1. Take every Cα-Cα distance within the range 392-453, group them into 10 Å bins from 0 onward, and report for each bin the whole-number percent of pairs it holds.
2. Once you have all Cα-Cα distances for the range 670-815, histogram them in 10 Å bins from zero and send the whole-percent values.
3. Determine ³J(HN,Hα), in whole Hz, for all residues of the range 60-65 in sequence, where each value follows from phi through the Karplus function 6.51 cos²θ - 1.76 cosθ + 1.60 and θ = phi - 60°; x replaces Gly and Pro.
4. So what is the orientation-averaged projected area of the range 417-496, using the convex hull of its C-alpha atoms, in nm²?
5. Cα-Cα over 25 Å: which of Lys246/Lys427; Lys508/Lys542; Lys603/Lys701?
6. How far apart, in nm, are two points set 7 Å out from the Cα along the Cα-to-Cβ line at Ser959 and at Glu254?
7. Could you tell me how many cubic angstrom of Cα convex hull volume the range 746-890 has per residue?
8. Tell me the label-point distance for the pair Ser749, Gln455, using the 7 Å Cα-to-Cβ offset, in nm and rounded to one decimal.
Amino acid sequence: DLYTIEAEVSSPVLGNIRARSPNPVVYRVVEGRSDIYKIDPNGDVRYTGKLLKEDRQDEIMVAVQESTGGLKMASTKLVIHLQGIGSFPVTTSDDSETIELISADEPSGVVISSVQFSDQDQDAKLEYTLSADNGVDENGNVVADEEATEFFEIKQGEDNQAHLVVKNSLLNSNISTVNLEITARDGAHPKEPATSVRRVIVIPREPESQTDQVSLNLVPFPRNITIPRNLPTGSFIYRAVVLPKKNNLTFSIEPEHIFKIFSDGSIITQKELTEEPQTINLTVEVTDGTGRKSSTESTQIVLKKTSKAHFSEQLYEANVPRGSPEGTVVTLVSAVNAKGEPVRDFVLKGGNSKLFTVDEQGTIKTNGDLSTGAEFDFLVAVASDSTVNAPVHVELAEPRSPSINLVENQIFATVFDNLPINSYVGKFEVQGDEKVTFSMSSDEKGMSNLFAIEQDGTIRSTDWLSGFEGMHKLSVLASNMDPAGVRSTNATVVVDVIKSNECVPRFKKYENLIFYVRENTPQDTVIGKVSAEILPGKCDLKYSLGNEEILTINPANGELKTAKEFDFEKQKSHLLTLKLVAAEHNSVETTAELRIMDVDDHKVRFDLTEQTVEVPEDIPPSAVIATVRAVEEDDQPVFYHLGPSSPPQFSLHSTTGAVIVEQPLDREENYKFTIEIGASNSADTLPAEWLGSMKLIVLVKDVNDNGPMFDRTHYSAVVDKDIVIGSRIIELHAADPDVEDQGKKLEYSVTGASFEYRGMSRNVEDVFDINPVDGKVYTLKSLSDYVGGVFNVHLQVRDTVDGTIGKSGLKVYVHDNSDLLSMELPYAPSTVTTQIVDEFSQQLSNSTGLSALAKKISYKAPHGLMSTNSVDLQLIFFNKTIEEIVPAEKVLAVQEMRMRNSPNVVKGIPELRKPASPYLMIEKREDTFIQPELFCIVLGFLVLLAIVLSLCGMMACFSRSRFLREKKIVENEMAIKDAIQFPSNRSPALVSFKHYVPPTPEMYRNHEEHMYRSSNLNEKVGSYAVQQATIIVAEQEDKI
């Protein structure tokens, strides 16, 4: 079945789930919040938790069973919906009910009790009301509630504190006891339930009762009281004050031959003090009519040679509880005038004086709310002469508790009638170790003579108890006094005196020692029975158990049943506390053991599947770094195994699980190890048969066993002889491999240098230096005098903390521009790495027999465009034999000679050449040449264009020649036709021509005409003759 209940959280009863049964039943919450939900025997469901602001839903399982011990049982599920009140409720941590004992002559405004309320709502506005009931006067008559509330009221203090104070003088009322209820409500949230506390006010009216309940409290004297030595006899010294005020008090004083004290506490001198010592110890004792006393001792009277008016103390200091009401006594002051007479008129001066008042008796009281400050300073002065004054310092203390808090307010003690005298009965303890005065009384005649209470709260027997069998009640009063008044609290002692020879319960010997139960046994299973000696029926023997969470016991016959299921692996045994009670007050206890018997229902397992440990790297072999534990909850042996991939640096003990170091560890080589560990119930088990496994991660911690180290064992640099002084050559890097030293400061330095050239070596100074912070090496002087050689620079780095050092070397090769060679590498600029450069340098070293040293990498950039498929490597060559840089021409000659002699050795190596201007560093960008690819494209285009133009020209020439040839043929044919049709005129006979001598230069100068002339004819210049000839052209050559 399923029950659903919806109710408000403030409802006393949420609902009812009564079960049908002819016999009485009991309900138990077996699952869920059994701490806040309770089921009454009639089935009412109650909520016992705190009031809630928000709604809440819970599910609980309720079991019902016959209370007579039957086996019939039923259960149901209950769903509870609680409606919150919408805000935080008003709460208080103070006692819900206390007894306050006050005097009938308490003045108005005295705080009787203070209650601290709290509300977590930010907008909370607490309102307080006071109601009274059960008021009784001194004659036992009922007092009307309205009359009782006329004498008390509630005043609101700071931080939601409510003060119950006296409103009107109680001397005008005959009230003896009254119950006052202080109720706090949140005015901002009307739905919140009110919270109330009760204060039982007891006002003793008879002097005898007052004496029994309240001790005398004499206000402590100042540590020193200073008076003039020449005071006349009868001069006022001080006034002793008793709180609360009482009548019929008798004072006594020592030394009484020097001082005298009156019934009002005034102390005067009885003789001249000129012959007395510098300091006099003064003791005052006060006694009332019942003989109760209170005294102050070791107060010193200091005699001072002065005739001026003065106060008894140079500085008055007092502590006042924060939140004290107006009129609270702060301190008492006293002064004498120049005649030694007591001053009766005082005034207060200073900025804080308005918060206090002083009367003619010298009593300083509060005159307002002091909750806004922490310390107050002012002056108290004689009214007739304000120059006679004394400073007063007042500090606010935390609000005092309105009553004395005892650890227990009631003690029950059972004793036998043969109890020895002065035996311990019980003890009341005060919370916070506050010093109080205890007193005890009883309404039973003669009972006060049987028991007494000591000042530490211990109650002891003071007489034999034989004949006083039965229960006796005694009242205890704890009280003390502070400047705010008297505080007290009441307690009760109930002593049951029984006969020592009957109704004494006893357990049977050698029984009830051990009980057994198997694990996983169902709940409510009978496991045994407690055995006790048989007593008379009137003793009403009952059994009880102090371990109700694990077992239940039948109070009638001592039968034990399980209250839950047990797990051997969680707890193997429980300690039981068995108790027998006879005649309600006689009891005896003993202890027994409940042992859980194991059932094999668990396998081996590790609590942690992964565990990490840290060990220092200098840990010695055979040291144990960790011990793994596998849980075997069924008392079976456990064996441990190492996984096949575990590191050889460690071993594992097969039965203890200890992991042992077998080889030295070095964090710089390996800082982390992973060890696979398995567990089983047998010694020889394969990993596949492991019942459980885990990983142990070993982190090797660094130990400071290394000094700082350079990132290279040696460095090299190639520099030009014309390098500018102060230029950076190379930047070094060093670090400490120890983790702990990585943050330490390192310092670089040059420890020495030498120069080698052509087999000679000499030490040099002030050529190179290094920045001690960043490791940059730079030149200090010109290198033009060191062309062709190499510098060996000794470098050092030092740890400035522990002084450890590291060393390295630097070779600096100084070259001339004529020593540089270049080679083209067939790699894109983005793919060139140091490894590639080193490989080509090594190949060149092998092909030339010299040491090839790379200086820089340039990018071919004709006409400002970077090449994408090649770079240019610039190198120098060094002859280690003679310690000299080899000139570029000689290196080229060596390579050429080797290429001729051993072509296979240098096959595949790019050709060396001198650096040319088209191959420049990328950052200069000063070239004007285009890239080879573009040049080839342009050149190819021009060649193709020339070929096309040549073909066009040849075609044009061929056409023109053909045209001229055909034209000539046509012209010849036309000339022949014309000659045949039109014969020419007869001309002179043809004669042979004679070639005259060519004209001379003089003829040209004289402009003489010349021509080829016939020697026989005197022809006129310009005449000619035509001679016809016939030519037969055969069709074929053989016909000619």
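1. Histogramming the range 392-453 at 10 Å steps yields 14, 38, 26, 12, 8, 2 percent.
2. For the range 670-815, the binned pair fractions read 10, 30, 20, 12, 9, 8, 6, 4, 0 percent.
3. The phi angles translate into 10, 10, 10, 10, 10, 8 Hz.
4. Projected area, direction-averaged: 5.5 nm².
5. Lys246/Lys427; Lys603/Lys701
6. 16.0
7. It is 163 Å³ per residue.
8. 7.7
Every number in this text was worked out from the coordinates using simple rules, so none of it is lab data. If you're wondering where the values come from, they're calculated on a predicted model, not measured in any experiment. Here Cβ is always computed from backbone atoms with ideal geometry, including for glycine, and neighbour counts include all displayed protein chains.
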